[in-house]
Amino acid sequence: MMQRICFFSGDVTRNGGTERVSITIANELAKEKKYHICFLSLVEQKDAPCYDIAPNIQRFSLGNKWLKPGPAYLPLIPKVKKFLTEQKIDVLIDIDVVLDVLSVPAAKGLKTKVISWEHSNLPYELGILYRRVIVKHFTKKTDKIVTLTKGDAEAFRAFFGQKDRVTNIYNPATEIQLTGKEKRENWLITASRLVPEKGFDYLLQVAKEVLTKFPDWKWVLCGEGPERKNIESFCKAEGLEGRILLMGYVPKVETFLLKSKIFVLTSKAEGLPMCLLEARSCGVPCVSFDVPTGPADLIDDGVNGYLIEPFDVKAMAKKLESLMKDEELLSNMAKKAPKGMEEFQLSGIVLQWKNLIDQLLE
């Protein structure tokens, strides 16, 4: 019997890492004849997703107006229940724990199993009031919790006092065939949505410090979001126009990674950053704040990049400068960047998802 799997998203048409990895996993599962895959979004704000979804995957939406978590969610619960019933969904995968507040009550009394897929980390969730309430009262009742890192899985197990219901599945890395002949520019690069939680206030301080000392370098920003205006204003005020390059949404970020020399991440919180996985796959050393979960799983400090005490702008600038002025050091780190990525191969990660789904439906 075909198993009907639905990925539940806030908006699958957004251009974030969460949407990209969800679509990647869904596309791979859709290749299996035993699975019928679909997406359900609270809202679709664009006509089409930013990332290609397999033609045999259906998309559904509950509306076209964005809703903030809160009382406005209540009327959606019967809509989700109706969808689960009509589509005969066997497994609903929430790609944001916030959606558990809808999935858990909607699935009550149905055969549908609910997986809560954590894309950040437990400290982040507990640090925001409405997310903390949802985790304590709804995520706890899902059939499975999937975290992006082993450390976060242990944190959830300790928090709930439950071991069997929490598992860790990494995000997959983009598989890139490096030739060793890539032509690299003097580019620092950051790829992420231009949103406050990605720490662009810190990034701009670091950029000002290093770019003024290295006039032959530029900083490439791949991504789009509400922080664009602040970044543009900063560049204009500090005379960094033409030095910090805003590329907007980039469908294939590897095109820019393969031309860059150093990847920089200044996020205030992370899960398992897709951008670091992609950078390593493209042979780019990474420098990141060592925020809880994610960077330390992907960066071997001093080997394929550097981990910086969170939000120490001067320390990050110094490490970047050490790489920018030392071609031999930079080259050695670049050679080590793509090594040891076996755990993040797509085929193995998809197999873990298939095993998880099959176990739930036994």
Residues of segment 94-141 that turn out to be modelled with pLDDT of 95 or more and polar (S, T, N, Q), as a count: 4
Within segment 240-250, track down each residue that is surrounded by fewer than 18 Cβ atoms within 10 Å (Cβ to Cβ) and either in contact with a Ser or Thr (Cβ under 6 Å, 6 or more places away or on another chain) or in a strand (DSSP E or B) (or both). E241, L245, L246, M247, G248
On the basis of being closer than 20 Å to K183 by Cα and modelled with pLDDT under 95, does V264 make the cut? no
Of (1) at pLDDT below 95; (2) buried (at least 19 other Cβ atoms within 10 Å of the Cβ); (3) of a type outside the set (A, V, I, L, M, F, W, C); (4) out of contact with any helix residue (DSSP H, G or I) (no Cβ under 7 Å at 6 or more places or on another chain), S41 satisfies all except one. Which? (1)
Test each condition in (1) in a loop (DSSP other than H, G, I, E, B); (2) in contact (Cβ under 8 Å) with a residue 24 or more places away in the chain for M1 and report the one that comes out false. (2)
All but one of (1) touching a helix residue (DSSP H, G or I) at 6+ places or on another chain (Cβ under 6 Å); (2) closer than 30 Å to K144 by Cα hold for G271; state the number of the condition that does not hold. (1)
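Given the residues L110, L102, L126, L84, which is the only one that is more than 11 Å from C6 (Cβ to Cβ) and surrounded by 22 or more Cβ atoms within 10 Å (Cβ to Cβ)? Before you say what the answer is, go through the steps one by one.
Numbers: L110 fails: surrounded by 22 or more Cβ atoms within 10 Å (Cβ to Cβ); L126 fails: surrounded by 22 or more Cβ atoms within 10 Å (Cβ to Cβ); L84 fails: more than 11 Å from C6 (Cβ to Cβ).
Only one candidate passes the filter, namely L102.
The values are calculated or read from the model by the stated rules, or taken from the named source; none is laboratory data. Predicted model only: the values in this text are computed from it and were never measured. All Cβ positions, glycine included, derive from the backbone under ideal geometry; neighbour counts span all protein chains shown.
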